[in-house]
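Please read the structure below before turning to the comments.
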Protein chains: 2
Amino acid sequence: MGLTLSEFLPYRLNCLSEAISQEIRPIYRDHFGLNRPEWRVLVALADLGTATAKDVGAHSAQHKTRISRAVHALEKRRWLTREPDPNDRRSEMLTLTAAGHRAYCDLVGPMRDREARILDRLSPEDREALGDALGALEAALGLSSPKPPVR
Amino acid sequence: MGLTLSEFLPYRLNCLSEAISQEIRPIYRDHFGLNRPEWRVLVALADLGTATAKDVGAHSAQHKTRISRAVHALEKRRWLTREPDPNDRRSEMLTLTAAGHRAYCDLVGPMRDREARILDRLSPEDREALGDALGALEAALGLSSPKPPVR
DNA sequence: TCGCAACAGTTTCAATCGCAACAAGAAAGA
DNA sequence: TCTTTCTTGTTGCGATTGAAACTGTTGCGA
């Protein structure tokens, strides 16, 4: 009739998320003084090529105010440019500049390495099971990436 | 040579953590106007019986300033009492009052139900695999509960 | 015993956050 | 067309956060 915190799924996920975040944050923070929203916008734009703030928000799971502020910060660094969207004058097309793309490239390697170094502490079976389990949970929570339409 | 956000472990864990948190928060927020640190202190004290702020922090994985503020808030509600620690005058022994314990009991049921409702969306195999995978990752990150000393 | 480093907990401060209000534009309907 | 509603993105504001400084206490070594 009690609730053991260390067995409670929301608590466990939050602890894991924060622990991993702490291992990863130094990379983008110490290299370039980025914060997480900015790092995510950088990745989203590298993924998407050119996109609106809304697209970036959907792709990086971030609130529109975060996007707005992160975009401003990256713009001040001249890591991205805004161009008017011919189809919708409310939004602007965001694109990484060469400098922005270079920063992205500088970060991706170390980020992947750090992730790999964490996953290396798991056995191959555990690693695969983890990926599958997270996928199942994502599906259960409706987080799965909106799959390309069937057909 | 890219980094797909939706396959990046830190990102996935953070999204899952936030999604579950959003499903769970309304329970302690709407019932009693608690925030997460307060809810966690409540659980920690129910788990531990009587403990110092430091103990609560270790048991609920929270920064000492969070603990300090959450304890003050719960104290104002008269959900916990502070008594001088005879062994160390820097700290105080914190204990839930009857009202605090009642609130805890009111919350535990709905919280567990909500957790169960989420896990029910998974197959039994996925459920078990998830628990195991999270355990493995916790171990890899050094988060496993400090096991009682061997011998 | 004294002096000093380590520690528990609080407070201050600057940064960050998301809600809500807002402006400008798009979309839908009469 | 005109009006209303919805949407995109920005900004103001109050709340929350953790780092750092601080207070009072303990424990250790000279």
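Bear in mind these aren't lab numbers, they're just calculated from the coordinates by the rules spelled out. Everything numeric here is computed off the predicted structure, so don't read it as measured data. Every residue, glycine as well, gets a Cβ built from its backbone with ideal geometry; the counts of neighbours run over all protein chains shown.
Identify all residues within the range A:67-94 that are of a type in the set (K, R) and more than 19 Å from A:R29 (Cβ to Cβ); write none if there are none. Once the filter is applied, which keeps residues that are of a type in the set (K, R) and more than 19 Å from A:R29 (Cβ to Cβ), the range A:67-94 yields A:R78, A:R82, A:R89, A:R90. Residues in the range B:101-110 include none that are within 10 Å of chain A (Cβ to nearest Cβ) and of a type in the set (D, E, K, R). Among the criteria (1) charged (D, E, K, R); (2) free of Cβ contacts under 8 Å to residues at least 40 places away in the same chain; (3) within 30 Å of B:G142 (Cβ to Cβ); (4) surrounded by 15 or more Cβ atoms within 10 Å (Cβ to Cβ), the one A:E115 does not fulfil is (2). Of the residues screened, A:I67 is one that is of a type in the set (A, V, I, L, M, F, W, C) and away from chain B (no Cβ under 13 Å).
Checked against the criterion of being assigned to a helix (DSSP H, G or I), of a type in the set (D, E, K, R) and more than 18 Å from A:A58 (Cα to Cα), the range A:102-111 contains one or more residues that satisfy it.
Entry remark, the range B:22-60: residues being within 13 Å of DNA strand C (Cβ to nearest atom), charged (D, E, K, R), surrounded by fewer than 19 Cβ atoms within 10 Å (Cβ to Cβ) and within 12 Å of another protein chain (Cβ to nearest Cβ) number 1 in total.
Just the residues that are more than 7 Å from every other protein chain (Cβ to nearest Cβ) and either among the aliphatic types (A, V, I, L, M) or surrounded by 17 or more Cβ atoms within 10 Å (Cβ to Cβ) (or both), please, taken from the range B:131-140. Matches in the range B:131-140: B:A139 only.
Comparison of A:R69, A:R102, A:R12 shows that the only residue that is closer than 23 Å to B:S6 by Cβ, more than 15 Å from the chain's Cα centre (by Cα), surrounded by fewer than 20 Cβ atoms within 10 Å (Cβ to Cβ) and basic (K, R) is A:R69.
Of everything in the range B:111-130 that is over 23 Å from B:L42 (Cα atoms) and small (G, A, S), the residue that is farthest from the other protein chains (Cβ to nearest Cβ) is B:S123. Within the range A:84-94, take every residue that is in contact (Cβ under 8 Å) with a residue 40 or more places away in the chain and within 16 Å of DNA strand C (Cβ to nearest atom) and give me the one that is nearest to the other protein chains (Cβ to nearest Cβ). Among them, the one singled out is A:M93.
Every listed requirement among (1) more than 28 Å from A:A51 (Cα to Cα); (2) polar (S, T, N, Q); (3) more than 9 Å from chain B (Cβ to nearest Cβ) is met by A:T97 save one, (1). Based on what the data block shows, is A:K64 exposed (fewer than 15 other Cβ atoms within 10 Å of the Cβ), more than 30 Å from B:A61 (Cα to Cα) and not aromatic (F, W, Y)? Judged against the criteria, A:K64 is not a match. Write out, first by first residue and then by second, each pair whose Cβ atoms fall under 7 Å of each other, whose residues are 6+ apart or on separate chains, and whose first residue, in the range A:46-70, is in contact (Cβ under 8 Å) with a residue 24 or more places away in the chain while the second is away from DNA strand C (no atom under 16 Å from the Cβ) and not aliphatic (A, V, I, L, M). Close Cβ pairs satisfying both conditions: A:A46/A:H101; A:A46/A:Y104; A:A46/B:G2; A:T50/A:T95. Looking across the range B:41-72, the residues that are in a helix (DSSP H, G or I) and near DNA strand D (Cβ under 10 Å from one of its atoms) come down to B:K64, B:T65, B:R66, B:I67, B:S68, B:R69, B:A70. Screening the range A:73-83 for residues that are within 12 Å of DNA strand D (Cβ to nearest atom), over 16 Å from the mean Cα position of the chain (by Cα) and touching a residue at least 12 places away in the same chain (Cβ under 8 Å) and picking the one that is surrounded by the fewest Cβ atoms within 10 Å (Cβ to Cβ) gives A:E83. The single residue among A:A129, A:A58, A:A140 that is more than 28 Å from B:E128 (Cβ to Cβ) and of a type in the set (G, A, S) turns out to be A:A58.
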